[in-house]
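Where a number appears in this text, it was derived from the coordinates with a stated rule and is not lab data. As the structure is a computational prediction, the values presented were derived from the model and not from experiment. No Cβ is skipped: glycine too gets one built from the backbone with ideal geometry, and neighbour counts run over all protein chains shown.
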Amino acid sequence: MISKQENLNARILIVDDQEANVLLLGEMLRDASYTCIASTNDPYEVCALHQKNHYDLILLDLQMPGMDGFQVMENLMEIETDSYLPVLVITAQPAHKLRALAAGAKDFVSKPFDLVEVQTRIHNMLEVRLLYKKLEHYNQELEQTVLKRTTELRESEARFRRLTELSADWYWEQDKNGHFTMIYGPVHELVNNTLGETQGDPGTLWNEAEREILEANLAARRPFLDFVYSRTKPGGSRQYLMVSGEPMFDPSGRFTGYRGIGKDVTESMRPGDESNNRS
């Protein structure tokens, strides 16, 4: 909402070649407690004044020598970046009203002036104009906020990926059926036969007891930390893998899968270390 003081502090420009009309409108506005009132008798000055002061309302006479109000509005439209023309036209010709509205004016007042009508139309038009500007400012702030949050999210994702690269050999995600939906890291051959996906090297032998424990965790949708399990490769060498994972749920609480990290810890394993999974 627009407060009464915001309305009264709006910037207003009076444009009329008749000094008497300028004085009358200026006095009426000051009597109504408007505080930022400017005026000119020269229609050629209007665009430069508006570019400099960004008026919230321009009271524009249509019939002026040299450049009439329609030409002034045409020039104003070229400098209004948001295509909103804050013009209330002043005319003694009823036939000019529709033409002025078609040219971009937002409202009109008739000569001779009805001061109560003029005050009411000015107040209403300023309220709409100021609400429009407030909405425009809000949209700009919202756009900046979205850009900032998007940048922060990308930076956060980059940090996360880098942290994952430093702390683990791979990052993985599975859907609710146990199929991999995302993998970061050069481990496709490895994960193709881990965590429930049995495709891969047919000569690889997994430790069945360890696999049963891991699969039980997955089936129960329990988180697990630094779970170590092993496999015997076709050449007879033993390989140890350490994985951590947690279940994922959507906003309604429905299970959607797992995500976690994994690492080849073969070089750091000591005999008996794999038994820690059972403790």
Fill in the blank from the handout: Checked the stretch 4-132 against the a/c 1.5 cut and the a/b vs b/c comparison, axes a ≥ b ≥ c from its Cα gyration tensor; verdict rounded
Completion exercise
Two pseudo-spin positions, 7 Å from Cα along C-beta at Arg30 and at Leu135, lie apart in nanometres by 3.5
Problem - Within straight-line cross-link reach of Lys233, aspartates and glutamates at Cα separation under 18 Å, skipping those fewer than 8 residues along the same chain - result: Glu189, Glu197, Asp201, Glu208, Glu210, Asp264, Glu267, Glu274
Problem - Burial ordering of Val116, Val265, fewest other beta-carbon atoms within 10 Å first - result: Val116, Val265
Exercise for the section: Distance check, please: which entries in Lys52/Lys111; Lys4/Lys97; Lys4/Lys134; Lys106/Lys134; Lys176/Lys263; Lys111/Lys134 exceed 26 angstrom between their Cα atoms? Expected result: Lys52/Lys111; Lys4/Lys97; Lys111/Lys134
Exercise for the section: Kindly state, to the nearest 0.05, the FRET efficiency for Thr40 paired with Gln144, given R0 = 45 Å and r defined as their beta-carbon distance. Expected result: 0.80
Exercise for the section: Subtracting the Cα-Cα distance from 0.36 nm times the residue separation, let me have the gained length for Lys233 to Glu267 in nm, one decimal. Expected result: 10.7 nm
